[in-house]
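So the structure is just underneath, and the comments pick up after that.
The values are calculated or read from the model by the stated rules, or taken from the named source; none is laboratory data. A quick note: this is a predicted structure, and the numbers were derived from the prediction, not measured. Cβ sites come from the backbone with ideal geometry, for glycine too, and all protein chains shown count toward neighbours. With ligands, DNA and RNA removed, areas are computed over all heavy atoms of the protein, side chains included. Shrake-Rupley method; radii C 1.70, N 1.55, O 1.52, S 1.80 Å.
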Amino acid sequence: THGKIQTKEIVKCEESILKSIGFSVLDKPSIFIFIEFLSVSLNLHLLDNFKEVINIITYITKMIIHDYNLLKKYPLKYLGGSCLFITFKIIEQTDNEFQTKSLLEKIKNKLNLNEQIFYSSSESILELAKNFEKTFSYAKNLNKFDSFSLETLK
């Protein structure tokens, strides 16, 4: 709103919208919080490049929260697992020693994931990333997210 509306007014409006559509904020954690807990339970926070992992996850989850259909289609554990998988594949492109395969097995075992649903979820997130700017051209929050950009990894 570029300072035209106070933060309190925006929060009240958001609460009103969520209540009117029957959305409960406390039903389940956000995808980002879910991934944070999963990362700690898998000891990913001990990785040398964990800061990079979090930056990429933050970027991907900011895209996902715009796609309501994607959020409805896949359970949280699939979206979270897929976010980590995609993050690992991105890091693997710049760090040849990064071990995506062993980390992926840990995720699949920890979450008891069906492989077909898992890979379908991962493909859906990649498709979202490829078309995000076109599909969600009004969503400018990622333009201001300067701690990570998919473009910097090319």
*Kirkwood Rh, Cα Rg: Rg to Rh for the chain?*
0.98
*asked:* My understanding is that a pair violates if its Cα-Cα distance is over 25 Å; which of Lys101/Lys130; Lys19/Lys62; Lys19/Lys72; Lys4/Lys51; Lys89/Lys130; Lys72/Lys108 do that in this structure?
replied: Lys4/Lys51
_If I take R0 = 25 Å and measure r between the Cβ atoms of Ile17 and Thr58 in this structure, what FRET efficiency does the formula 1/(1 + (r/R0)^6) give, to the nearest 0.05?_
0.55
*Roughly how tilted is helix 50-64, in degrees to the nearest 10 and between 0 and 90, from the longest Cα axis of the chain?*
50
*Calculate for the chain the 222 nm mean residue ellipticity that helices alone would give, adding -39,500 (n - 2.57) per DSSP H run of length 4 or more and normalising by residue count, nearest 500 deg cm²/dmol.*
-20500 deg cm²/dmol
*Helix 31-41 versus the longest principal axis of the chain: what angle, 0 to 90°, nearest 10, using Cα atoms?*
30
_Tilt relative to the chain, helix 76-94 - C-alpha long axis, 0 to 90 degrees, to 10_ = 60
*Give the relative contact order (percent, whole number) for the chain; include only Cα pairs under 8 Å separated by 6+ residues.*
27
*Across the chain, where is the longest run that never hits chymotrypsin sites (Phe, Trp or Tyr not before Pro) in a DSSP loop with at most 14 other C-beta atoms within 10 Å?*
24-137
*Accessible surface of Ser121 - all protein chains present, 1.4 Å probe, nearest 10 Å²*: 0
_Residues of region 38-105: accessible area per residue with a 1.4 Å probe, Å²_ = 50
*Roughly to the nearest percent, how much of the accessible area of the chain is carbon and sulfur, given a 1.4 Å probe?*
54
